[in-house]
Amino acid sequence: MGNYDQYKKINNTFFEKLITNSNDDHSAVGQSSLSHKKRFDTMLKVGHLQDSTLLDIGCGLGSFYDFLNQCQLNTTYTGFDISEKMIQKAKKQHPQIAERFILKDILEDKVDSNFDYIVSVGPLNLFLDEKTNYDITLNLMEKMFKHANKGFAFSMTSALSRKKNNDTFYYDAKMIISHLEKYCNNYRLDHSYLPHDFTIFGYKDDFYNSENKK
């Protein structure tokens, strides 16, 4: 996966600096309050989340768990993050489910269970180099599909963004989809909620069969 260890180090340094200097959840993960909410709203479209099991990869401080509660969605939530400081702070802020925030790298560590839905909100938007960014992202997407019973949602910054900065990697949605189609043909793309962002949804079952099982 290219320079994965180097990418993890850069990623952890960046986000751990943010949580030291930020007083709110969205700033702590490098997002504006508007884009943060729009990404979360889009994640809800992954499926019927009520009473489901859900894994949040790159959970940060657990703000998606808070958002689910605000929407009165009851889920069995689990959050993974590769930053020990993020996990420690998430546990402190959510003592009632502290054990559900876990220091784990799904790309390197064993995952013993599957989840109905898996979501990941822009965890790999920092730029290292094209090969490394794509290698890590495509591998993560495959892992999400593998461990999802029903489906996954994965957001990332878009190559169609009109305003770009040097620290951000912008993904070509066509390249992401061409890789996804190697193992999943039940998917959809949403590029409508933000001009610089898109979300890929992938499913184990197709919508036709899902509807006819009801």
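The values are calculated or read from the model by the stated rules, or taken from the named source; none is laboratory data. Given the structure is predicted, the values throughout are model-derived calculations rather than measurements. Here the Cβ positions follow ideal geometry from the backbone for every residue, glycine too, while neighbour counts run over all protein chains shown.
For this structure, a couple of remarks:
- Helices (runs of 4 or more DSSP H) wholly inside the stretch 1-112 that include at least 3 residues being surrounded by 14 or more Cβ atoms within 10 Å (Cβ to Cβ) and either at pLDDT 85 or above or of a type in the set (A, V, I, L, M) (or both): 4-21, 33-43, 63-70, 84-93
- Pick from the stretch 157-190, criterion among the polar types (S, T, N, Q), part of a loop (DSSP other than H, G, I, E, B) and within 22 Å of Lys38 (Cβ to Cβ), ranking: nearest to the chain's Cα centre (by Cα): Ser161
- Yes/no for Thr132 being farther than 26 Å from Asn149 by Cβ, buried (at least 16 other Cβ atoms within 10 Å of the Cβ) and β-branched (Val, Ile, Thr): yes
- Applying the set (1) in contact with a Phe, Trp or Tyr (Cβ under 9 Å, 6 or more places away or on another chain); (2) outside any strand (DSSP E or B); (3) hydrophobic (A, V, I, L, M, F, W, C); (4) closer than 28 Å to Ile177 by Cβ to Leu138 leaves exactly one unmet item: (1).
- Evaluation of Gly79 against (1) in contact with a Cys (Cβ under 6 Å, 6 or more places away or on another chain); (2) among the small types (Gly, Ala, Ser); (3) more than 22 Å from Gly202 (Cα to Cα) (one fails), failing number: (3)
- Screening the candidates Lys131, Lys182 for the property of being basic (Lys, Arg), farther than 19 Å from Lys45 by Cα and touching a residue at least 60 places away in the same chain (Cβ under 8 Å) yields one hit, Lys131.
- Residue satisfying all of: in the stretch 118-150; of a type in the set (Gly, Ala, Ser) and closer than 14 Å to Gly58 by Cβ; nearest to the chain's Cα centre (by Cα) among these: Ser120
- Filtering Thr42, Thr78 for residues that are out of contact with any helix residue (DSSP H, G or I) (no Cβ under 9 Å at 6 or more places or on another chain) and either closer than 27 Å to Asn166 by Cα or polar (S, T, N, Q) (or both) leaves a single hit, Thr42.
- For the stretch 202-210, the count of residues that are in a helix (DSSP H, G or I), modelled with pLDDT under 95 and either surrounded by 14 or more Cβ atoms within 10 Å (Cβ to Cβ) or of a type in the set (D, E, K, R) (or both) is at least one.
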